[in-house]
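What follows draws every value from the coordinates through simple rules; no lab data is involved. Predicted model only: the values in this text are computed from it and were never measured. In this analysis, Cβ positions are derived from the backbone assuming ideal geometry, glycine residues included, and neighbour counts consider all displayed protein chains.
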Amino acid sequence: MKIAVLVKQVPGAESPLPIQPDQSWVDEGAVAYMMNESDNYALEEALKIREVNGEGEVVAVSLGPDRIQKVIREALAKGADRAIHIQMETAGAIDPLSTAGLFADALREENFDLIFTGLQSDDLGMGQTGIIIGEILGMSTASLAMATEVGDGKIKVKRELEAGWFQWVSLSLPASVSIQSGLNTPRYPSLKGIMGAKKKEIKVVTPSSPDPTQSLEKVYVPQSDKQTVMIEGSADQIVGKLVETFRNNIKVL
Amino acid sequence: MDILIVLEDNNGKIHRMGLESIAAAQQMAGDLGLTTGALVMGAHGDALAEEASGFNIGEVLKVNSEYVASYSSDGYAEAVKQVIEQENPNYVIFGHTYQVRDYAPKVSAKLMKPFLVDNVAVRSNNGKPVFTKLMFNGKLFSDVHANGDGPFLISFQSAAFSSDKAESGSADVRDCSVNIDASMIRTESESPFQEEAGGVDLTSANIIVAIGRGIGKEENVPLAQDLAKAIGGELASSRPVVDAGWLPSAHQVGSSGQSVSPKMYLALGISGAIQHVVGMKGSKNIVAINKDSEAPIFEIADYGVVGDVLEIIPKLTEALNE
Ligand SMILES: Cc1cc2nc3c(=O)[nH]c(=O)nc-3n(C[C@H](O)[C@H](O)[C@H](O)COP(=O)(O)OP(=O)(O)OC[C@H]3O[C@@H](n4cnc5c(N)ncnc54)[C@H](O)[C@@H]3O)c2cc1C
Ligand SMILES: Nc1ncnc2c1ncn2[C@@H]1O[C@H](COP(=O)(O)O)[C@@H](O)[C@H]1O
């Protein structure tokens, strides 16, 4: 089983997100980057499939500027066998069709049995890159995977539906599957893994960027017209005011 | 037609987000001077067409094919692609449902036309629509436009438009044929099922104490349990808490968990991502405690505290127990 896993470097959940003066994008210099949350689960799922099968290859693939080698190294340290870095300036680029096209070009010749992506990126939140890649490469596709079973030339995927429903779907291989968070327990890299990662191959490809089919005009902080009563003070004062609010305003005590 | 609205089946009724899409399309049609049409398919196509014909839409198209009788991403993507090619709309509007997440990107790839997803608003700028999209899990907004020639695929976030605003009218229904064969369907689906609820019914709770990733670690969960007990409420959580195995999935509130509307929803260390908010924004009173004053949860909170939940929760429990 030859599996590609797409891992994206995105601002961590707690990272500051200062906006550039011209509003074209966030100020990347101030951002604390991490591996995209659902990609971490996708990587774990691929590593588990390789371990259960006792053979196969897991290739970490990422697109972005040089800084993303950090998540590539992290994926290698966790156990990916090798990596492909598609080098590209991504600040303010928001076109999944172009991005997916570049991934498809980089992966086509490799003939992967499976491509795993995260369900959606925590920065752009497009939720479509993996499915588009699959479609371009003529693979079957499924999204929102909460469990996988590989065998008999197929992958069975437990898909999450709305409001707590699920459905098992069986896909012919090759398949591109987008992975939802929570389906496994992602591992941490071991010290040995971290040392070993230094020796693993990272193939760098540098395609030219295609014309985007969608473009960002600006980013900004949402404004809400909701009036929120802010409760302030020391922790004890806050607690006192909260109890009062529960009792007198919300009337739940 | 200029705008094609793709309506999703929810057990023989138009999915709520389909009605919202009708409202969205009607607004776009008004702003940009465009015509509309709606597309229905599936086993309940007749019922959906009948319902759709009661809205102010140019016409309703009904696809009849055994390959769309039940949902498959291949079948639906191919059918929608073929209808788009036949009808040549400039915009194709979807609700941002899980089903749309699954197949609409395939339509985008087949047509090599962009899919602008998860929008909360649209406005016209010199006769061209500009869409407002959530980014960074709702922490920032962005204005986005499509380039080149349509058709452009567009999806709107839940509740971006009110279904009450969908204007009624009367539209004719037209049958549409598509050319699909069995070899195009590469997936096989089993019946949908629900996981054991585990005896947690959040929907009837009067008070909900909900924790998010801000609770920090599993060992801190009992602090919230104690608070829930002290205040007589049910314990709930955001998705990461369930993903980490700190609480069973029956406690999850949001688009893939339960939808709740208690008298008071206490959000502790929850950022307020849209997939969480859709499950709790109907609460009568939302009280949020978060250490980040810019967390999106404060945009919907009635009462807010900028502070550390680990400090406030135990003190609050103590005060309530007195
Ligand atoms: C298709 C799909 C379906 C999803 N379904 C759901 C769903 O059903 N339910 C759901 O909840 N999510 C769902 N999600 C995930 C959702 O997008 C968010 O990732 C999730 O809601 C974030 O949870 P959180 O707020 O707990 O974590 P985070 O976004 O990480 O926020 C943690 C918050 O805690 C605050 N904090 C940290 N430490 C402290 C402290 N000591 N004191 C006070 N505050 C603190 C931080 O400032 C931050 O705001 C779904 C996502 C997708 C793509
Ligand atoms: N630049 C990128 N580098 C690596 N993976 C990516 C990139 N963009 C998208 N992906 C993958 O595609 C998934 C969905 O992204 P998106 O369509 O942007 O929501 C992510 O979770 C990643 O697995």
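Once phi is turned into θ = phi - 60°, what whole-Hz ³J(HN,Hα) does the Karplus curve with 6.51, -1.76 and 1.60 give for every residue of segment A:220-233, x standing for Gly and Pro?
Karplus-based 3J(HN,Hα) across segment A:220-233 equals 7, 7, x, 9, 10, 9, 6, 8, 9, 7, 8, 9, 10, x Hz.
With springs only between Cα atoms under 10 Å apart, run a GNM on chain B and tell me which of B:ALA77, B:ALA236, B:ALA244 wobbles the most.
Taking springs between Cα atoms under 10 Å, the residue moving most is B:ALA244.
Using the Karplus equation 6.51 cos²θ - 1.76 cosθ + 1.60 (θ = phi - 60°), what ³J(HN,Hα) coupling, rounded to whole Hz, does each residue of segment A:175-187 give in order, writing x for Gly and Pro?
9, 10, 10, 9, 9, 8, 5, x, 7, 7, 10, x, 7
Distance from the Cα centre of segment B:1-54 to that of segment B:104-143, in angstrom?
Spelled out, the Cα-based centre of one part sits 19 Å from the other.
Which residues' amide hydrogens lie under 5 Å from the amide hydrogen of B:LYS13, considering only partners 5 or more residues apart or on another chain, with H built in the peptide plane?
Amide H to amide H, under 5 Å and 5 or more residues apart or across chains, B:LYS13 pairs with nothing.
Show me the trypsin sites (Lys or Arg not before Pro) within segment A:160-205 that DSSP assigns to loop and that have at most 15 other Cβ atoms within 10 Å of their Cβ.
In loop regions of segment A:160-205 (DSSP not H, G, I, E or B), the sparsely surrounded trypsin sites (Lys or Arg not before Pro) are A:ARG187, A:LYS198, A:LYS199.
Share of Cα-Cα pairs in segment B:202-321 beyond 20 Å, in percent?
Everything past 20 Å amounts to 31 percent.
Positive end of the dipole of segment B:188-322, charges at C-beta (+1 Lys, Arg; -1 Asp, Glu), about the Cα centre: which of B:VAL278, B:LEU235, B:ALA301 has its Cα farthest in that direction?
Checking the options against the dipole of segment B:188-322, the answer is B:ALA301.
Most fluctuating residue of B:GLN157, B:GLN194, B:GLN252 in a GNM of chain B with Cα springs under 10 Å: which is it?
B:GLN194
Counting Lys and Arg as +1 and Asp and Glu as -1, each charge on the Cβ, what is the dipole of chain B about the Cα centre in debye, to the nearest 20?
Its charge dipole is roughly 680 debye.
Which chymotrypsin sites (Phe, Trp or Tyr not before Pro) does segment A:89-160 hold that lie in a coil by DSSP with at most 12 other beta carbons within 10 Å?
The qualifying sites: there are none.
To make sure I understand, if each residue's beta carbon is the centre and we count other beta carbons within 10 Å, what order do B:TYR303, B:TYR98, B:TYR76 fall in, fewest to most?
Lowest count first: B:TYR98, B:TYR303, B:TYR76.
Rounded to a whole number of µm²/s, how large is the Stokes-Einstein D of the protein assembly as shown at 20 °C and 1.002 mPa s, given Rh as the Kirkwood radius over C-alpha pairs?
It diffuses with D of about 87 µm²/s by this estimate.
Sort out for me the Cα centre separation of segment B:218-234 from segment B:57-84, rounded to whole Å.
A separation of 48 Å, based on Cα centres.
Given the DSSP H assignment, sum -39500 (n - 2.57) over each helix run of at least 4 residues in chain A and divide by its residue total; what's the result at 222 nm in deg cm²/dmol, nearest 500?
So the calculated ellipticity at 222 nm is -7500 deg cm²/dmol.
How would you rank A:LEU161, B:LEU266, going from fewest to most other Cβ atoms within 10 Å of each one's own Cβ?
Listing A:LEU161, B:LEU266 from fewest to most nearby Cβ atoms yields A:LEU161, B:LEU266.
Treat each spin label as a single point 7 Å out from the Cα along the C-beta direction, and report the A:GLU244 to B:LYS128 distance in nm.
So the label points at A:GLU244 and B:LYS128 sit 5.4 nm apart.
Could you give the dipole magnitude of segment A:31-167 about its Cα centre, charging the beta-carbon of Lys and Arg +1 and that of Asp and Glu -1, in debye to the nearest 20?
160
In a Gaussian network model over chain A where Cα atoms closer than 10 Å are linked, find which of A:THR148, A:THR206, A:THR228 has the largest mean-square fluctuation.
The residue that fluctuates most here is A:THR228.
Quick query: amide H of A:LYS8 versus all other amide H atoms, modeled in the peptide plane; which residues come in under 5 Å with a sequence gap of 5 or more or a different chain?
Under 5 Å from the amide H of A:LYS8: A:ASN36.
For each pair in A:LYS48/A:LYS70; B:LYS229/B:LYS315; B:LYS81/B:LYS128; A:LYS251/B:LYS281, compute the distance between the two Cα atoms and list the pairs where it is over 25 Å.
none
What spacing in nm lies between the two simple spin-label points modelled at A:LYS251 and A:THR185, each 7 Å away from Cα in the Cβ direction?
Rounded to a tenth, the inter-label distance reads 4.7 nm.
For chain A, would you read off the P(r) tail past 27 Å as a percentage of all alpha carbon pairs?
Here the long-distance tail beyond 27 Å is 44 percent of all Cα pairs in chain A.
By per-residue mean of other Cβ atoms within 10 Å, what is the highest-first order of B:271-282, A:211-222, A:135-146?
Sorting B:271-282, A:211-222, A:135-146 by mean packing, highest first, produces A:135-146, B:271-282, A:211-222.
Pop out the ³J(HN,Hα) list for segment B:304-312 in order, Karplus 6.51 cos²θ - 1.76 cosθ + 1.60 with θ = phi - 60°, rounded to Hz; leave Gly and Pro as x.
Karplus values, whole Hz, x for Gly and Pro: x, 10, 8, x, 8, 4, 5, 7, 7.
Which one, B:LEU153, B:THR203, B:SER170, is farthest towards the positive end of the dipole of segment B:122-226 when Lys and Arg carry +1 and Asp and Glu -1 on their Cβ?
Among B:LEU153, B:THR203, B:SER170, the one farthest towards the positive end of the dipole of segment B:122-226 is B:LEU153.
Only Lys, Arg, Asp and Glu count, each charged at its Cβ (+1, +1, -1, -1), so figure out the dipole size of the protein assembly as shown about its Cα centre, rounded to 20 debye.
960
Near the amide H of A:VAL229, under 5 Å away, which other amide H atoms are found, from residues 5 or more places off or on another chain, if H is placed in the peptide plane?
B:TYR303, B:GLY304
Tell me which lysines have Cα within less than 16 Å of A:LYS154's Cα, excluding those fewer than 8 residues away on the same chain?
Candidates past the 8-residue exclusion: A:LYS2.
Within segment B:1-85, list the trypsin sites (Lys or Arg not before Pro) lying in a DSSP loop whose Cβ has at most 16 other Cβ atoms in a 10 Å radius.
Answer in residue order: no site qualifies.
Spin-label point model (7 Å from Cα, Cβ direction): what's the B:GLU218 to A:ASP66 distance in nm?
It is 4.1 nm.
Treating the angle as unsigned and between 0 and 90°, give the value, to the nearest 10°, between the Cα long axis of helix A:69-78 and the longest Cα principal axis of chain A.
70
Semi-axes of the equivalent ellipsoid for segment A:31-135, please: Cα gyration tensor eigenvalues, times 5, square-rooted, ordered largest first, whole Å.
21, 16, 13
Return a whole-number percent for the relative contact order of segment B:3-184, with Cα pairs under 8 Å and 6 or more residues apart as the contact set.
31
Have a look at A:SER215, A:THR141, A:ALA197 and report the one farthest towards the positive end of the charge dipole of segment A:134-227, computed about the Cα centre with Cβ charges (Lys/Arg +1, Asp/Glu -1).
Farthest towards the positive end: A:ALA197.
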